[in-house]
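Read through the structure below, which is laid out as structure tokens, and then see the notes.
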Amino acid sequence: MTTLLQDKPTLAHDNRSTAAANTATIKQWVASMVKGDLDRAPYAEDAETSDPSGKFKGKKQIVDSFKVWKTAFPQGTAEVTNQIAMGDHVTSEVIYKTTHAGPFVSPTGTIQATNKPVVLKTMLVTSFRNGLIQRERTYFDQTDLMTQLGITTQPKP
């Protein structure tokens with residue numbers, strides 16, 4: 001019984017250490033991504049992500065999806081405003097502030113630059129494996145984004 005009691009604090013400590021490392025990885029990645037340093041993408045080679053624009057499988061496809069966003073919104077800031085973590089699972093609120101300065105390729109067509117400011121509030125639900133992002137779901141209000149861009153109807157493909 002003493003052994004079990006001694007193991008529990010170690011397990012809790014490992015869980016906290018993993019959670020702290022993973023939250024730091026998210027913060028570092030958000031900062032790198034906003035700067036356009038996509039080579040720092042902390043995704044596993046077989047990672048999967050999704051957001052309102054689609055599903056992406058594999059690190060290359062994921063990084064390519066970020067390139068679409070960086071083309072449309074090349075300059076901006078991002079702030080991780082809240083995180084909840086437990087071991088390999090992290091939920092993060094992120095607020096991006098940017099201007100739509102380039103073509104935005106979406107599943108329904110391309111939206112040419114509107115030069116309008118955008119504040120995009122997102123929620124990331126991330127799972128890690130061996131220190132890399134394995135699975136991530138990003139949620140944001142797509143209707144709000146289109147409204148901020150001045151788009152009232154969906155573009156045609």
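The values are calculated or read from the model by the stated rules, or taken from the named source; none is laboratory data. Computed from a predicted model, the values in this text were never measured in an experiment. Using ideal geometry, Cβ is built from the backbone for each residue, glycine included, and neighbour counts are taken over all protein chains shown. Surface accessibility is based on the protein's heavy atoms, side chains included, excluding ligands, DNA and RNA. Shrake-Rupley method; radii C 1.70, N 1.55, O 1.52, S 1.80 Å.
Please work out the average accessible area per residue across the chain, using the 1.4 Å probe convention, and give it in Å².
60
So for the pair T147, S127, with labels modelled 7 Å out along Cα→Cβ, what separation do we get in nm?
3.3
Accessible area of K57, 1.4 Å probe, to the nearest 10 Å²?
Roll a 1.4 Å probe over it and K57 shows about 130 Å².
Taking the Cα-to-Cβ direction at T77 and at H89 and moving 7 Å from each Cα, how far apart do the two end points lie in nm?
It is 3.3 nm.
Among Y139, I95, G150, pick out the residue whose Cα is farthest towards the positive end of the charge dipole of the chain, where Lys and Arg carry +1 and Asp and Glu carry -1 on C-beta, about the Cα centre.
G150
Share of segment 35-103's accessible area from carbon and sulfur, percent, 1.4 Å?
Whole-percent figure for carbon plus sulfur exposure: 51.
Suppose R0 equals 35 Å; then what is the FRET efficiency for Q134 and T114 from their Cβ-Cβ distance, rounded to the nearest 0.05?
Working: r = 35 Å, r/R0 = 1.00.
Efficiency computed from Cβ-Cβ geometry: 0.50.
Which residue, chosen from W29, Q61, A44, occupies the Cα position most advanced towards the positive end of the dipole of the chain, where the dipole is computed from +1 (Lys, Arg) and -1 (Asp, Glu) charges on Cβ about the Cα centre?
Q61
Treating only the Cβ of Lys, Arg, Asp and Glu as charged (+1, +1, -1, -1), what charge dipole size does the chain show about its Cα centre? Round to the nearest 20 debye.
Charge dipole of the chain: 300 debye, to the nearest 20.
Leaving ligands, DNA and RNA out of it, rank R129, R135 by accessible area with a 1.4 Å probe, largest first. Could you put the intermediate results ahead of the total?
Numbers: R129 100, R135 125 Å².
Sorted by accessible area, descending: R135, R129.
Report which label in (1) 15.0, 57; (2) 18.0, 67; (3) 14.7, 51 holds the value of Rg and Dmax of the Cα atoms in Å derived from the coordinates of this structure.
The value computed from this structure is option (2).
What number of lysine-lysine pairs in the chain show an alpha-carbon separation below 14 angstrom, given a sequence spacing of 8 or more or placement on distinct chains? Walk me through the intermediate numbers first.
Details: K27/K35; K35/K67; K35/K70; K35/K97; K59/K67; K70/K97; K97/K116; K97/K121.
Eligible lysine pairs with Cα atoms under 14 Å apart amount to 8.
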